[in-house]
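Take a look at the structure below.
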Amino acid sequence: MSYTLDLFAIFIFLGIVQAVFLSLFFFSMENRKIEANVYEGLMVLSMAGCTLEIFLCYTGYIYKCLWLVDFSEPLAFVIGPAFYLMVVSLIHGKTNKSRYYHFIIPLLWFLLEIPFFIQSGDVKFNAWIGAYHPAGMTYRETHANFFTMPDHTRFILIHLVIYTIMGLVATVKAFRRKNEFFWRTRNVTFLKLRSHIIQVVLVILLFVAVKLFNRDDMGDHLLAAYISIPIYLISFQIIKQSGFFKQPSLVDQQKYKSSSVTRAQQQHLLIKLKSLMSDSKPFLKPDFSLPDLAEQLHVTVHQLSQVINEGLGRSFFEMTAEYRIEEAKRLLKEQINIKIEEIAEQVGYNSKSSFNTSFKKITGKTPSEWRG
């Protein structure tokens, strides 16, 4: 038995590993409080399962684990519902109880596949070579009688197209309600919605092209390689939005004791800081960070951190939260017809739960109680 381990295989494998780590990130205790993260994690994990089977079949390593043949078919039916529910939760903050009905088809498909899952290795070996036609392999003789599933490709495609259309319709309606343009929006949530819509549509188009121009599943490695690209892009976007690389170092913090910033300079910088925060309101940006603020004020990170800590008696994050909540208090009174999650987004929060927590911590009331 010969195995294929080329650039396609390596690229796909690394995408699978990345997808597993991403899903763990989305399902982590803090991140799973946001519904959209749960559905995005489920979508990414399902994609990882599908690409794993393609990787095994393409490289020939499925020969070592024939019990995994066709294991990912039910997962393929999870991608569409997870995508749609992610879109809905990004727009509305949460989904209703009917969300569980969207996973009936994946569950039914899994139940229908059980008779195949319990078949012998010979049956699964024949299913593999019948789909991928590896060189030098011939069918094994088997007398097993089992229920044969209908061609899954067509059903998966139709299922995914339906949910993509549903997600697109929900997105277009959200854009219209906010008077946003699909190609010109700068809203963080709408940018994410647009990006996911485009990626899923491209996956569908490539899916169709691969099936049209390749025999059975022989071109699936092309689809798996493309699916890996959005995985890498999501990872890059998360890293880009993270404050991990923007935090002041321990060395910077220890310089407070020997800092050359005088009391007069601190007072002058505090005035500049308050003026900038009031006039330009940089804290409204979701990726607002201490290094960005220091750059706007033309000072070093540790100087600004010292001024905030000693001059205001707060950390950078506490100061940011206070400015954001103060702005939210004003908007809650002035924009009475705007949903709370939309106001949370306007003041720089990507999560309604984080906004509610900060609001109650600072004001002693929930946003709904404050609005009255």
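In table form, for the structure just shown:
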item: Met43 accessible area, 1.4 Å probe, all protein chains in place, Å² to nearest 10; result: 10
item: Residue-wise HN-Hα coupling along segment 339-347, computed from phi with Karplus coefficients 6.51, -1.76, 1.60 (Hz; x: Gly, Pro); result: 5, 4, 5, 6, 5, 4, 5, 4, 9
item: Kirkwood Rh, angstrom, segment 1-75 [1 / mean 1/r, Cα pairs]; result: 13.2
item: Equivalent ellipsoid dimensions for the chain as semi-axes, Å, which come from the Cα gyration tensor, largest first; result: 50, 24, 17
item: Surface accessible to a 1.4 Å probe, Thr153 within the full protein complex, Å²; result: 20
item: Sequence ranges 262-271, 352-361, ranked by mean other-Cβ count within 10 angstrom, highest first; result: 352-361, 262-271
item: Span-like helix ranges in the chain, DSSP H, alpha carbon extent 18 angstrom or more, Kyte mean at least 0.5; result: 7-26, 35-59, 73-92, 104-117, 152-177, 188-213, 220-241
item: Share of pairwise Cα separations in segment 260-372, more than 23 Å, in percent; result: 32
item: Gap separating the Cα centres of segment 96-129 and segment 162-223, nearest whole Å; result: 26
item: Value of [θ]222 nm, deg cm²/dmol, for the chain, DSSP H segments ≥ 4, -39500 (n - 2.57) each, nearest 500; result: -21500 deg cm²/dmol
item: Percentage relative contact order, the chain, counting C-alpha pairs under 8 Å, at least six apart; result: 15
item: Segment 316-372 - convex hull of alpha carbons, volume per residue in Å³; result: 63
item: Solvent exposure ordering (accessible area, 1.4 Å, most first) of Phe71, Phe181, Phe11, Phe283; result: Phe181, Phe11, Phe71, Phe283
item: Trp370 - accessible surface, heavy atoms, 1.4 Å probe, Å² rounded to 10; result: 70
item: Alpha carbon centroid spacing (whole Å) that separates segment 34-73 from segment 306-372; result: 41
item: Kirkwood-type radius of segment 1-155, with distances r between different C-alpha atoms, in Å; result: 17.2
item: Segment Ile362-Thr185, length gained on full extension (0.36 nm per residue, minus Cα span); result: 60.6 nm
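The values are calculated or read from the model by the stated rules, or taken from the named source; none is laboratory data. Predicted model only: the values in this text are computed from it and were never measured. Every residue, glycine among them, receives a Cβ derived from its backbone with ideal geometry; neighbour counts consider all protein chains shown. Surface accessibility is based on the protein's heavy atoms, side chains included, excluding ligands, DNA and RNA. Shrake-Rupley method; radii C 1.70, N 1.55, O 1.52, S 1.80 Å.
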